[in-house]
Every structure is written in C-alpha cells, then in structure tokens.
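Asker: Have a look at the structure that comes next, please.
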Amino acid sequence: KDPISQHQFHPKFKCEEKDTSSSHPLVISPKSPLPAEMDVSDSHSQKSSILDAEKVEKKPGGWRAVTFILGNETLERLGTIGLLSNFMVYLTRVFHLEQVDASNVINIWSGFSNLTPLVGAFISDAYVGRFKTIAFASFATLLGLVTLTLTASLPQLHPETCNSKDPVSCGGPNKLQFGILLLGLGFLSIGSGGIRPCSIPFGVDQFDQRTEEGIKGVASFFNWYYMTFTVVLLITQTVVVYIQDQVSWIIGFSVPTGLMACAVVMFFAGMKLYVYVKPEGSIFSGIAQVVVAARKKRKMKLPAEDDGTVTYYDPPVKDSVLSKLHHSNQYRFLDKAAVIIEGDLSSEGVPANKWRLCSIQEVEEVKCLIRIVPVWSAGIISLAAMTQQGTFTVSQALKMDRHIGPNFEIPAGSLSVISLLTIGVFLPLYDRVLVPFFRRITGHKSGITLLQRIGTGIVFAILSMIVAGLVERMRRTRSINAGDSTGMTPMSVFWLSPQLILMGLCEAFNIIGQIEFFNSQFPEHMRSIANSLFSLSFAGSNYLSSLIVTTVHKFSGGHDRPDWLNKNLNAGKLDYFYYLIAVLGVFNLVYFWYCAQGYRYKVGLQMGGFEEDKSFSDVEMSSKKQLK
C-alpha cells in the first residue's frame, strides 16, 4: 500500500491565538472596524480538540523518525560526494579529457544540478509531498552512481588505458562512452533536484513547532545535519579519494554506490515513523499570481500614503505561516494586487479570481524576494572563485610534489580538506572571540551584520585569487627551470595552502552568511525559496566559470602563442586567469556595496504558539534602516 495513505495528513503548523472557526477572511481597510467577537468558549474548545487530534498525528515523528532521515542523508552524501570529489582527476586520467574540457563538464553539470532543486521544490510543494519526492530522487541518485561505476568497471565504457605520463596525449572517449558518462551525471542531477530542497524540510516536519520542545528539536536537528555534513566532507576528501587515487577507481566508485544503496534502504525503513505533511501548493504560484494581478491593475492610481480611500485584502495568514509581514511602502506598484475593486470578492468573502486579487501577506512575500535578488546576484562571482578548487587547483597539484615522507603521496583531490580544516578551526574562534569583540564596538548582537559578513567573504575570495596567481607564477618558473619533460615541479604541494586557507575564510564568512541571510529574510514558510536561491547562486557561478574558461581558452591565445589555459600548464598563463577572476571580484565588491547600502531588512510579527507574539527585525549596514 501507499505508505502515505495510511497516515492522516495534518497541517504543518497551527497558531493557537488565531480564530479557526470562521471560514470568512478578514477584509481590512486602514479605518475599518474589527469583526464582531465570537463565543470564546466555543472557539477555545474547538481549537483544543483540533490541537489534541494533531498531537496524536505528530506522535510517530520526533527524533525516532529523524534518526532514519539523518542516516539516509549521511549515507547519500557519502555516496554522491565520495564519487565526485576526485572527478576532475577521473576525467583527465581515465577519460583523457583536456583540463578545459573536464572543467567545463564539471561546471555545466554542477550548474544543472543546482537548477533542478527549483523543479523538485515545486513538484514537492504543489503535488506529491516531500516523502515521495525524496524516495524517487534517491532511486535516481542510485541509478546515476551505478551508471558512473560501470564507466570505470567496463572497458567498453571508457577509453583504452594509456601508459603515457601525459594522459591528455592519449585518445579521448567515443560518443557512446561520453554519452553514458553524461547519462550517469543526468541521473545524479535528477536525484539532487529531489533530495536537496526536501531533506531539511522533511526533517523539520517531524517536530511540532507549536511547542517549545519541538522548536528545540528543530535547532538540534540543524546542528546534527551540518555536523554530519562536515564529517562526510572530511571522509570523502581523504579516505574515498585515496582509494580512488591509489587503490582502484572501480573500488573507489563501488564503495559510494554501496553506501547509497544502504541510504535508500534506511530511508524506507523509517516509513511507519514519519510524519507526512500534505502539499499545500507551491509558493511559486503565489508569486506569479501577485505579478499578474498587479499587472492587470497597473492603470490604477494609489495615494502617496494610506488614507483610507482604498481597501486592501488582508485576511488571517494561513496555518503554515509563522510570521505576519508588515505592509511596507517599498515597491508600492505591487500593492495594486491587494486592492479590492468591484467583483474581486465572492459572496463568501474570498477572492473570486486569485489571479486578480492577492492578500497583503502574499504581496509582501514577493517584495522580500525582489529586495534580496540584487544581493543574491552579487554572490555569484565570489562563488565562481570557489569552483576553481575542484578544477584548476587540482591540475596544479598534479604537477607538484605531493609526497609526505618517502612512501605516502597526497591525492590531488584531497587538498580541499585544507579549506575544511580552516573553517573548522576559524568558526569557533569567530563565535567565541571575534563576535564578542565586534559586539562591543558595533553594538550589534552578531558583531557585524549579515551583509557585512558576506562582503568580508567576497574580500577573502579576491585575496585568494591574487595569492593563487602569485603561487602559480612561482610554480611555473620553477618547473621551467627544472626542465622536466612531464612538467613536474620540484615544489611542495603545500604552497597551495595559502590560497586554500583564504578560500576557507571566504566560505566561513560568505557561504554561511548567505545561508543565514536568505533564511532570515524570508518568512519561515518560504525557506524552500531561500534554499533554492542558494542553489541558484552555485548554478550561476558554475555557468559563469564555464563561460569565463571557454572565452579565455578561445581568445587568449593566437599568433603562435598558447592560450592561458593550455593543457600544458607551463606553456599557459594560469596565473593570468586567476588575476582575471580577482579583477571581476573587485567590480563585484563595488556592486555588492552599492546593493547593501540600499537594502532594508524585513520586519514582521512572529505568530507564536507557546509564547506571546513578538515583533522581530534585523538591522542592516546602516544600523538604523528598517522596513517602514
């Protein structure tokens, strides 16, 4: 039987203070009186019975269910990240691709994988729910891992083994081999589209956020989620990469595939414990409705200030909404979507056509999105600098001395562990030392604002690219002087550490700052949009990086001069490529500063369940700006 049909659906959230007995929405104009009072005892008893019923429905969830979800997530990430951590080396050594082609394959595939979560979030929210979406995506991921493992296992699915010390001089893949490779990556993208946007919300669904215990459970779930993610990265960047690099690609791919199979089994093992939340419709539909409704009423004239001459549609917020947004004066052309004119309301007091009349809450949610887009776009170039860790930094490492002692050689794909260790060491220092220090100076609860934190990360990304260029210039000079025919450099791979440390600081400020910024600037029920925007940032950076690589490779050479990204690193000018990204980063920093100066944080009213309602707001770079 369908496991979901055996459970009664329940609303994800309920607000006890709201009156749920009336089916008529409130229509509020600036001067309209409040509706007549209801029978308080009847309302209270009705709400109590609803809450008691819902508690029974939520009982199977909690930490017993979350254990299976976290186990599935951990094994799934061990599988996918473990297989792809060393993928640049696999494409150049086994498939004999040039570094530019291998870089473009990784960037284009990564960009596509970061776009599919938008589709997955829409399907999950509007139609099938999170459990079915994750279940389908898990099978797609497993199929993708099996396909890629077969490319390493079967001789017919990869180019012939070449004994040359320079793999790119060997024959590349034929159309069938390259097609099977892309097919496997396509299955992985489908899997990412379902798992990434749904895994965290599905875990949150297992807790009752109307209770203090439930809210503490959610906070603890996030801590465990990111802790397991960090552990997974450390394992995949060391153990799995070492097996792939030094033992066997077949074993190195089979282990992640087996872990993914265990993840699927573990996910279905917890079916009887999960809480299943009924799809309530996608937020993307609401955004489209606001835009269309505002366009249909574009000729309407609004007063400069609310003076009671227009009536706005402002019903009670939905049960899944935890914060009521204040009506703001910014982007007032969208307010037209909430203005009630003749024929907009039915006899029951609800919109006759949702594409002509939207609520104030829906309009303000779209305004949140519009305010964030400029800041979001500024993060793309700094992320483009990060993508070089998995491409050209690996190419540099392959031409450097990676030995520790006479017998152990560090896999080139493991160098990104340096960035992870930097994050692990710096974040406690930042939280315990720097935040209190800056708090005394700025008076801000977090020491610096979220946008200042993101901006600091952009600066570190620029510095990382400058240092990377300087180190590559020194590496190339030493390699040419050494005269090795294979291009090997008598220079320790740890010379790449400074740029990786700076990139780790970039992640600690920029990435974590963006996650917190997106999640705090959207209402709670719109966090799927926040996570989608973060995925879109990486998609944009992947495609931008691919565009830059292709353009530089095509136009930087000529007149018997090799291009900057030549397959022979010593003949190219990789340092110029790094400097180019640094220059783009400087322009991006100026653009970000401009966007941050004009940004105004959201102000809303928390719809509490176990505690009193309270106002909340975040303060921005100017320290005084609030949304009015």
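The values are calculated or read from the model by the stated rules, or taken from the named source; none is laboratory data. Predicted, not measured: the structure shown is a model, and the values here were computed from it. Cβ atoms come from the backbone with ideal geometry, glycine included; neighbour counts cover every protein chain shown. Calculation scope for accessible area: heavy atoms of the full protein, side chains included, ligands and nucleic acids excluded. Shrake-Rupley method; radii C 1.70, N 1.55, O 1.52, S 1.80 Å.
Asker: Semi-axes of region 408-490's equivalent ellipsoid from the Cα gyration tensor, sqrt of 5 times each eigenvalue, largest first, rounded to whole Å?
Answerer: One finds semi-axes of 39, 16, 9 Å for region 408-490.
Asker: If you plug each phi of region 297-302 into the Karplus form 6.51 cos²θ - 1.76 cosθ + 1.60 with θ = phi - 60°, what whole-Hz ³J(HN,Hα) values come out, in order, with x for Gly and Pro?
Answerer: After applying 6.51 cos²θ - 1.76 cosθ + 1.60, I find 9, 5, 7, 5, 9, 9 Hz.
Asker: Here's something else I'd like to know. Residue 345's amide H: which non-local residues (gap 5+, or another chain) put their own amide H closer than 5 Å, with H modeled 1.01 Å from N in plane and none for Pro or chain starts?
Answerer: Residues meeting the amide H criterion: 352.
Asker: For region 66-110, just run the numbers: alpha carbon Rg, then divide by 2.2 N^0.38 Å, N being how many residues it has.
Answerer: Against the empirical 2.2 N^0.38 Å value, I get 1.52 for region 66-110.
Asker: Another question about this same structure. Output the peptides 273-286, 186-199 sorted from most to least packed, where packing is the average of other Cβ atoms within 10 Å over each peptide's residues.
Answerer: 186-199, 273-286
Asker: Next up: At 1.4 Å probe size, with every protein chain present, just tell me what the per residue accessible area of region 290-428 comes to in Å².
Answerer: 42 Å²
Asker: Report the trypsin sites (Lys or Arg not before Pro) located in region 393-459 that are in a DSSP loop and have at most 11 other Cβ atoms inside 10 Å of their Cβ, or state none.
Answerer: Those satisfying the criteria are 445.
Asker: Calculate I(q)/I(0) for region 82-218 by the Debye formula, one identical point scatterer on each C-alpha and no solvent, and give its log10 at q = 0.10, 0.12, 0.19 Å⁻¹ to two decimals.
Answerer: -0.44, -0.58, -1.04
Asker: Computed over the Cα atoms of region 508-580, what is the convex hull's projected area averaged over all directions, in nm²?
Answerer: It is 6.3 nm².
Asker: With a ≥ b ≥ c taken as the square roots of the eigenvalues of the C-alpha gyration tensor of region 366-454, please select rounded if a/c is under 1.5 and otherwise prolate if a/b is larger than b/c or oblate if it is not?
Answerer: Here region 366-454 falls in the oblate category.
Asker: Then there's this: Using only the C-alpha atoms of region 254-401, find the volume of their convex hull and express it per residue in Å³.
Answerer: Here the figure is 218 Å³ per residue.
Asker: Mind listing which GluC sites (Glu not before Pro) in region 318-368 are in a DSSP loop and have 11 or fewer other Cβ atoms within 10 Å?
Answerer: Counting only loop positions with at most 11 other Cβ atoms within 10 Å, the GluC sites (Glu not before Pro) in region 318-368 are 342, 348.
Asker: How large is ³J(HN,Hα) for each residue in region 262-268, as worked out from phi by the Karplus curve 6.51 cos²θ - 1.76 cosθ + 1.60 (θ = phi - 60°), to whole Hz, x for Gly and Pro?
Answerer: 5, 5, 4, 4, 5, 5, 6
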